[in-house]
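Peer 1: Let me begin by handing over the structure; questions about it come next.
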Amino acid sequence: MSLGKIIDKKNYDLSKRIDKQKVPEHVAIIMDGNGRWATKRNLPRTYGHKRGVEVLKEILKASKKLGCRILTVYAFSTENWTRPTKEVEFLINLFSEVLKNEIEEIHEESTKIKFIGDLTPFPETLKKIISSSESLTKNNNKFLLNVCVNYGGRQEIVKVAKELVLKCSSGDIKINEVNEELFNSELLTRGIKDPELLIRTSGEKRISNFLLWQLAYSEIYISDVLWPDFNEFEFLKAIIDYQSRHRRFGGIESLEDESFEDSQYSS
Ligand code: IPE
Ligand code: IPE
Ligand code: MG
């Protein structure tokens with residue numbers, strides 16, 4: 001059997017363990033570990049970023065196949081500007097290149113692409129490709145791919161707070177009308193349901209300023225695999241793990257509830 005067939009079979013065997021009724025609709029991913037992957041191979045960090053793009057394509061396919069509807073990936077944080085200029089420039093060029101090469105297929109697959117973050121500091125060329133890709137795919141409704149670039153969760157929250165203060169001071173809204181729903185409606189992710197699952201690769205156990213508001217009740221899965229080595233098999237493992245979780249949202253499960261009542265109050 002060829003390597004490709006063995007991999008397909010491994011993925012197929014794992015996918016049979018997935019409950020199709022409980023597939024997360026929205027998965028968010030912190031694609032981390034590109035630099036370490038390259039450094040381990042004595043390669044420049046940029047090789048890791050390039051390889052990472054191939055992995056994103058594989059995971060996008062895998063999540064569609066599984067029945068997810070939304071994938072939100074962290075591609076560049078507001079803090080990533082502190083990296084060496086050469087790496088930042090490489091990433092910016094990579095975003096343009098990848099988008100140019102992939103947009104046709106993304107559109108053919110009826111996928112809508114959205115960029116989330118403050119695009120202002122990016123060069124005009126990238127801004128133009130982003131805007132034409134977003135407008136080309138805006139009516140696609142099979143799948144939504146959100147790419148977070150120059151994104152920071154705290155910056156997003158501050159931005160919303162400023163907008164609401166402005167609306168209050170101009171009299172458009174009253175302070176008592178400010179609630180979670182209104183706040184949500186001002187976020188960059190407005191109209192998009194919160195992720196049920198957050199995956200972070202490379203073993204780091206932190207959120208690194210990603211979707212701070214939206215992840216309030218997401219299940220978190222940490223994979224030790226570096227992003228350039230992540231694949232459909234690892235993604236399916238994350239989904240299976242997610243399906244074993246008991247999401248309580250601050251409540252208690254009915255069974256525990258009954259046994260508590262039995263032991264404390266009965267007789
Ligand atoms: C994630 O990989 C990609 C970006 C942040 C752009 P890193 O570049 O952070 O890789 P490590 O974490 O240094 O290995
Ligand atoms: C988070 O990874 C940002 C992206 C994956 C784009 P980082 O590598 O920048 O995060 P830290 O520095 O490990 O927290
Ligand atoms: Mg990193």
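The values are calculated or read from the model by the stated rules, or taken from the named source; none is laboratory data. Since this is a predicted model, take the numbers as computed values, not measurements. Glycine also receives a Cβ, built like all others from the backbone with ideal geometry; neighbour counts cover every protein chain displayed. For the accessible areas, the whole protein counts, side chains as well, though only heavy atoms, and no ligand, DNA or RNA atoms are used. Shrake-Rupley method; radii C 1.70, N 1.55, O 1.52, S 1.80 Å.
Peer 1: With the requirement that a residue be open to solvent by 70 Å² or more (accessible area, probe 1.4 Å) and out of contact with any strand residue (DSSP E or B) (no Cβ under 7 Å at 6 or more places or on another chain), what does region 18-30 give you? Give the derivation first.
Peer 2: Quick first cut of region 18-30, residues open to solvent by 70 Å² or more (accessible area, probe 1.4 Å) only: 20-22, 25.
Within region 18-30, Lys20, Gln21, Lys22 meet the criteria.
Peer 1: Within region 204-223, take every residue that is open to solvent by 30 Å² or more (accessible area, probe 1.4 Å) and within 16 Å of Val158 (Cα to Cα) and give me the one that is nearest to ligand 3 (Cβ to nearest atom).
Peer 2: Among those residues, the one meeting the criterion is Leu212.
Peer 1: Identify the residue in region 31-62 that is surrounded by 16 or more Cβ atoms within 10 Å (Cβ to Cβ) and among the polar types (S, T, N, Q) and, among all such residues, is farthest from ligand 1 (Cβ to nearest atom).
Peer 2: Thr46
Peer 1: Let me ask another. Do we find that Thr125 is more than 17 Å from the chain's Cα centre (by Cα) and within 16 Å of ligand 2 (Cβ to nearest atom) in this structure? Explain how you work it out, then say what you get.
Peer 2: Working: more than 17 Å from the chain's Cα centre (by Cα): yes; within 16 Å of ligand 2 (Cβ to nearest atom): no.
In short, no.
Peer 1: Another question about this same structure. Could you grab me the full set of residues in region 182-201 that are assigned to a loop (DSSP other than H, G, I, E, B) and of a type in the set (Gly, Ala, Ser)? Lay out the reasoning, then the answer.
Peer 2: Applying the first criterion (assigned to a loop (DSSP other than H, G, I, E, B)) to region 182-201 yields 187-196, 201.
Passing the criteria: only Gly191.
Peer 1: A follow-up question, please. Are there any pairs, at least 6 apart or on different chains, whose C-beta atoms fall under 7 Å, with the first in region 114-140 and more than 19 Å from Thr189 (Cα to Cα) and the second of a type in the set (Lys, Arg) and open to solvent by 70 Å² or more (accessible area, probe 1.4 Å), and if so, which?
Peer 2: Ile129/Lys100
Peer 1: What are the pairs, 6+ residues apart or on separate chains, where a residue within region 19-44 that is part of a loop (DSSP other than H, G, I, E, B) has its Cβ under 6 Å from a residue that is within 16 Å of ligand 3 (Cβ to nearest atom) and aliphatic (A, V, I, L, M)?
Peer 2: Matching pairs, first to second residue: Met31/Val73; Gly33/Leu226.
Peer 1: What number of residues within region 182-202 are open to solvent by 10 Å² or more (accessible area, probe 1.4 Å) and either without any contact (Cβ under 8 Å) to a residue 40 or more places away in the chain or among the hydroxyl-bearing types (Ser, Thr, Tyr) (or both)?
Peer 2: Here the count works out to 9.
Peer 1: Now for a different question. Taking the residues in region 51-80 that are in contact with an Asp or Glu (Cβ under 9 Å, 6 or more places away or on another chain) and not in a helix (DSSP H, G or I) as candidates, determine which candidate is nearest to ligand 3 (Cβ to nearest atom).
Peer 2: Filtering first and then ranking leaves Tyr74.
Peer 1: Mind counting the residues in region 137-181 that are open to solvent by less than 30 Å² (accessible area, probe 1.4 Å) and assigned to a helix (DSSP H, G or I)? Outline the logic, then answer.
Peer 2: Just the residues of region 137-181 that are open to solvent by less than 30 Å² (accessible area, probe 1.4 Å), to begin with: 137, 140, 143-153, 156, 160, 164, 173.
Those still in the list that are assigned to a helix (DSSP H, G or I) too: 137, 153, 156, 160, 164.
Final tally of qualifying residues: 5.
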